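Enquirer: So that we are looking at the same thing, I have put the structure below in structure tokens.
The values are calculated or read from the model by the stated rules, or taken from the named source; none is laboratory data. It should be emphasised that the depicted structure is a prediction, and the values quoted were computed from it without experimental measurement. Counting neighbours? That spans all protein chains shown, and the Cβs are built from the backbone with ideal geometry, glycine included. With ligands, DNA and RNA removed, areas are computed over all heavy atoms of the protein, side chains included. Shrake-Rupley method; radii C 1.70, N 1.55, O 1.52, S 1.80 Å.
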Amino acid sequence: MAAPREALERRPFGRRFLTDPTRLFQHNAWDNVEWSEEQEASARSKVQENSSQLLPQDKQEEYEVNAKRYWDDFYKIHENGFFKDRHWLFTEFPELAPNRKPSQNGDSVHEFSNKEESSNEGLGSCENGHCSLETRVENQLNVMKSTPGICTEELAAQKYSELNQSAGGYPGSSASYRILEVGCGAGNTVFPILQTNNDPGLFVYCCDFSTTAVDLVQNNAEYDSSRCFAFVHDLCNDQSPFPMPHESLDVVILIFVLSAILPEKMQHIVNRLSRLLKPGGMILLRDYGRYDLAQLRFKKGQCLADNFYVRGDGTRVYFFTQDELHDLFMTAGLEKIQNLVDRRLQVNRGKQMTMYRVWIQCKYRKPAAPQM
């Protein structure tokens with residue numbers, strides 16, 4: 001079942017084996033857990049079962065048309081109460097703070113698995129840059145303070161036009177290192193970056209499909225408009241403006257974002273984002289892998305297409321293979337730096353539940369010179 005690339009690029013952390021079942025609930029997570037043939041067969045069987053009944057086309061179109069409303073409703077209900085800062089980011093993606101010392105903030109690779117994604121059906125899920133909690137048990141442009149509560153793409157376009165006519169050209173135009181976080185949610189990636197990366201030349205852009213999410217970022221006490229610019233953006237809409245020009249970004253980061261988008265639109269989005277990168281700039285991605293627990297727990301009637309599902313709250317999620325992501329980035333003209341699968345065993349000690357997670361992590365770079 002595993003693709004050749006997946007077999008070769010496992011998580012490079014030390015493997016831990018469980019020899020004594022009584023030890024199981026004394027630990028939170030184990031890295032690089034190998035699956036048996038029986039486990040893979042069982043996962044494949046569960047996906048075949050929950051994919052056997054697709055939603056009618058009219059319902060699928062409804063979820064696409066109302067996607068923004070579902071995310072706005074989600075944030076209106078939950079605001080930012082369930083988010084945890086992703087300080088693990090700087091272990092996985094040191095490009096976000098190149099001058100940071102490895103020991104700073106006491107990061108560890110296990111902080112990722114302990115704080116982040118769990119499954120949708122009763123365990124929660126993360127996508128589109130947000131950790132949504134379906135059962136709620138586990139886990140823009142407010143820069144213009146004179147117009148609080150107004151955060152529309154039309155207003156954004158007007159603001160960008162004004163900025164392009166000003167001396168600065170665009171927000172962050174004088175910065176020497178620019179990062180864009182796509183799908184910022186309530187800020188659980190952007191704020192750790194601002195707190196950890198002390199480069200005076202840093203400027204961070206962050207955007208989200210949800211107006212409510214962007215409002216949460218802009219109203220956070222940590223939001224600093226001299227170092228950050230949050231804005232509403234629809235990745236699928238060519239007319240939705242970016243505040244920065246092409247070839248101006250050093251890093252674009254996508255944390256459980258691409259999986260929330262209609263699969264046939266993914267290539268177009270990756271193409272758009274790649275054009276924003278400077279030569280040598282990178283896209284960093286972390287997202288759901290095929291047969292992750294979140295995929296296995298879906299029921300019949302929640303499948304939209306192959307490996308693409310809708311949750312009870314109307315938000316959607318796709319489960320990738322390494323090859324699919326590799327093809328998306330290569331087609332956009334990027335070169336591979338990293339593409340690995342991370343299989344982990346997580347344990348919820350309170351509920352005495354074991355959870356097998358599958359995530360994919362990628363780093364792809366824009367060539368420094370045009371390829372011949």
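Enquirer: For segment 275-372, give the percent of accessible area contributed by carbon and sulfur heavy atoms, probe 1.4 Å, rounded to a whole number.
Expert: Taking all protein chains in place, segment 275-372 shows 49 percent carbon and sulfur surface.
Enquirer: What is the sum of charges around residue 45, taking Lys and Arg as +1, Asp and Glu as -1, for the other residues whose C-beta is under 15 Å from the C-beta of residue 45?
Expert: +2
Enquirer: Calculate the FRET efficiency for residue 69 and residue 275 from the Cβ-Cβ distance with a Förster distance of 35 Å, rounded to the nearest 0.05.
Expert: 0.75
Enquirer: Residue 281's amide H: which non-local residues (gap 5+, or another chain) put their own amide H closer than 5 Å, with H modeled 1.01 Å from N in plane and none for Pro or chain starts?
Expert: Those qualifying (amide H under 5 Å, at least 5 residues apart or on another chain) are 366.
Enquirer: Taking a 25 Å limit on the Cα-Cα distance, which of the listed pairs 265/336; 46/265; 68/265; 278/363; 68/366; 59/299 fall beyond it?
Expert: Violating the 25 Å Cα-Cα cut-off are 46/265; 68/366.
Enquirer: At 0.36 nm per residue, minus the direct Cα-Cα distance, what do residue 335 and residue 195 gain on full extension? Give it in nm, one decimal, please.
Expert: Using 0.36 nm per residue and subtracting the Cα-Cα distance, I get 47.4 nm.
Enquirer: Next question, about the same structure. Might you work out the accessible area of residue 174 for me, using a 1.4 Å probe with all protein chains in place, and round it to the nearest 10 Å²?
Expert: Around 110 Å² of this residue is reachable by solvent.
Enquirer: For residue 301, which sequence-distant residues (separation of 5 or more, or a different chain) have an amide H within less than 5 Å of its own amide H, given hydrogens modelled in the peptide plane?
Expert: Residues meeting the amide H criterion: 53.
Enquirer: So how far apart, in nm, are the two label points at residue 247 and residue 61 if each is 7 Å from Cα heading toward Cβ?
Expert: About 4.2 nm separates the two model spin labels.
Enquirer: Out of the total accessible area of segment 169-257 (probe 1.4 Å, heavy atoms of protein only), what percent is carbon and sulfur?
Expert: It is 43 percent, rounded to a whole number.
Enquirer: Show me, for segment 204-212, the HN-Hα J-couplings you get by feeding each phi into the Karplus relation (A = 6.51, B = -1.76, C = 1.60, θ = phi - 60°), rounded to Hz, glycine and proline as x.
Expert: Per residue, the Karplus-derived 3J(HN,Hα) values read 10, 9, 8, 9, 8, 5, 8, 4, 4 Hz.
Enquirer: Further question on the same structure: Rank 365, 316 by accessible area, highest first, at a 1.4 Å probe radius?
Expert: Of 365, 316, the descending order of accessible area is 365, 316.
Enquirer: Work out the FRET efficiency for residue 236 and residue 49 from their Cβ-Cβ distance, taking R0 = 35 Å, and round it to the nearest 0.05.
Expert: Calculated transfer efficiency: 0.70.
Enquirer: Specify which residue in the list 346, 317, 369 is farthest towards the positive end of the charge dipole of segment 259-372, using unit charges on the beta carbon of Lys, Arg (+1) and Asp, Glu (-1), about the Cα centre.
Expert: Result: 346.
Enquirer: Still on this structure: Express in Å², to the nearest 10, the accessible area of residue 35 obtained by rolling a 1.4 Å probe over the protein heavy atoms while all chains stay in place.
Expert: 30
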